[in-house]
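Below is one structure, written out as structure tokens; comments come after it.
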Amino acid sequence: METAQRIKKLPPYLFAEIDRKMARARAEGVDVISLGIGDPDRPTPTHIIDKLAEEAYNPANHRYPSYEGLREFRAAVAGWYARRFGVELDPDTEVVSLIGSKEGIAHISLCFVDPGDVNLIPDPGYPVYGVGTLFAGGESYRMPLLEKNGYLPQLRDIPAEVAKKARLMFLNYPNNPTGAVADRRFFEEVVAFAREYEIIVCHDAAYSELTFDGYRAPSFLETPGAREVGIEFHSLSKPFNMTGWRIGWAAGNPFVIEALGRIKTNIDSGVFQAIQYAGIEALNGSQESVKEISEVYRRRRDLMVDGLNALGWRLEKPKGTFYLWCPVPAGMTATEFTAMLLEKAGVVVVPGNGYGTYGEGYFRISLCLEEDRIREALRRMEESGIRFNLPTRAAF
Ligand SMILES: *Cc1c(COP(=O)(O)O)cnc(C)c1O
């Protein structure tokens, strides 16, 4: 049998290789500490689970849901955007529910990209932007996210002939994997650029609620003119520890939302309604748990950053996400360093090149693990002599 080109062209799934190495180490009896995958370790808040349990008994929820999502769910999203960002959305035309935002991110290219078209994607970046582009027959133009630019793409560096062919631009702030944030001025630049070249902006705001030290992330949709050029993907996964539930949404430009909804009516049949009711509870209920969840990550962040800096790194504390983006010691590739970390300390992190060419030289730490395990990871690093400024051969 032969697979289609689109499967042959897929990069290997990043975590498959890591999982294999981790399984091998565990089989050898190593107590592996995984700071790899970004998947919240704590449970979903109880009031949300209670709502699911209640709604699961209602036979009305056992039938096919509506494709675009319950009107009440879309209204809850609109209400939350109004309260949180001051953005008024029409739940009938400007919101569509998704089976997790990954689903919408993967499908949006099918709506707007024909073979030969170009999408602008961040590098390093969440791999789904490029995969969705590939499945639609499009090509990815990778926008470098560099430390010296605060991990924001430099729009004026995008060649005009590329920008003219571009259909979608994917952005993601607070950013996975770098932890960087974007301010309103950057979003204004994006709107101007998108207008000039008629590009549809797809902002992925999965981490907007996981921020620290008083910083509150803006929505792209707050930017004047944003709704004329784009949409925002959002999700309950990260702020409410709901990655397994599969519920998110896209909001913004009605033409784009309608196209995404049309693709979806032909591919899936929406989100289990009991989960949508639980999602309404998450959005309309007390937001105390979001604050508590952020506080858990802030403490882990401080512990890890301080610990790594004591080992020679010079990391700043990111304002958002549960990731740390760290340079590897001089003279090593990301793959070499992460392999060494597993071998010597039994600690798993993700090599930055897994997120794109510009991720080489970095590794990503995910803070989805309790503090005692973070302390243990740091202790093992120290014990095995893993520091940022590893002694060079000449120093011996
Ligand atoms: C986790 C994540 C998502 C998607 O999560 P869903 O569970 O599919 O809603 C989207 N974008 C980024 C950058 C993420 O890290």
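State, in angstrom, two size descriptors of segment 1-153 derived from its alpha carbons: Rg to one decimal place and Dmax to the nearest whole number.
20.5, 56
Roughly what % antiparallel, to the nearest 5, for the DSSP beta bridges in segment 47-284?
Details: 9 of 27 bridges.
If I count the DSSP bridges inside segment 47-284, around 35 percent turn out antiparallel.
State to the nearest 20 debye the size of the charge dipole of segment 65-141 about its Cα centre, where the only charges are +1 on K and R beta carbons and -1 on D and E beta carbons.
340
I'd like the accessible area for E383, computed on protein heavy atoms only with a 1.4 Å probe and all protein chains in place. Round to 10 Å², please.
Solvent-accessible area, nearest 10 Å²: 140 Å².
Can you give the FRET efficiency for A339 and R42, using 1/(1 + (r/R0)^6), R0 = 25 Å, r = Cβ-Cβ distance, to the nearest 0.05?
Using R0 = 25 Å, I get an efficiency of 0.25.
So, in Å, what gap is there between the alpha-carbon centers of segment 1-58 and segment 82-158?
Measuring centre to centre over Cα atoms gives 22 Å.
Taking N as the number of residues in segment 221-368, what is its alpha-carbon radius of gyration divided by 2.2 N^0.38 Å?
1.34
For the chain, report the translational diffusion coefficient in µm²/s to the nearest whole number, using Stokes-Einstein at 4 °C, 1.567 mPa s, and a Kirkwood Rh over Cα pairs. Please report the intermediate quantities before stating the final value.
Details: Rh = 22.0 Å.
It comes out at roughly 59 µm²/s.
Can you tell me the 0 to 90 degree angle between the C-alpha axis of helix 184-197 and the longest principal axis of the chain, rounded to 10?
60
With all protein chains present, calculate the accessible area of K238 using a 1.4 Å probe and round the result to the nearest 10 Å².
The accessible area comes out at roughly 30 Å².
Contour minus end-to-end for S384 and E222, with contour as 0.36 nm per residue of separation and end-to-end as the Cα-Cα distance?
Contour length minus Cα-Cα distance gives 53.5 nm.
On C-alpha positions alone, give me the angle between the axis of helix 334-345 and the longest principal axis of the chain, in degrees, nearest 10.
Roughly 60 degrees between the two axes.
Over all alpha-carbon pairs of segment 11-90, lay out the pair-distance distribution in 5 Å bins, whole %, shortest bin first.
3, 10, 10, 12, 12, 12, 12, 13, 10, 5, 1, 0
Please list F388, F212 from largest to smallest accessible area, probe radius 1.4 Å, with all protein chains kept in place.
So, going from the largest accessible area down, we get F388, F212.
Using a Gaussian network model of the chain with C-alpha springs under 10 Å, which one of V113, V256, V32 is most mobile by mean-square fluctuation?
Highest fluctuation among the options: V32.
Using Cα atoms only, what is the angle between the long axis of helix 288-310 and the major principal axis of the chain, expressed in degrees (0 to 90) to the nearest 10?
Taking the Cα atoms of the chain, the angle to 288-310 is about 30 degrees.
The values are calculated or read from the model by the stated rules, or taken from the named source; none is laboratory data. Note that the coordinates shown come from a computational prediction; the quantities given were computed from them, not determined experimentally. Cβ coordinates were reconstructed from backbone atoms using ideal geometry, including for glycine residues, and neighbour counts include every protein chain displayed. Calculation scope for accessible area: heavy atoms of the full protein, side chains included, ligands and nucleic acids excluded. Shrake-Rupley method; radii C 1.70, N 1.55, O 1.52, S 1.80 Å.
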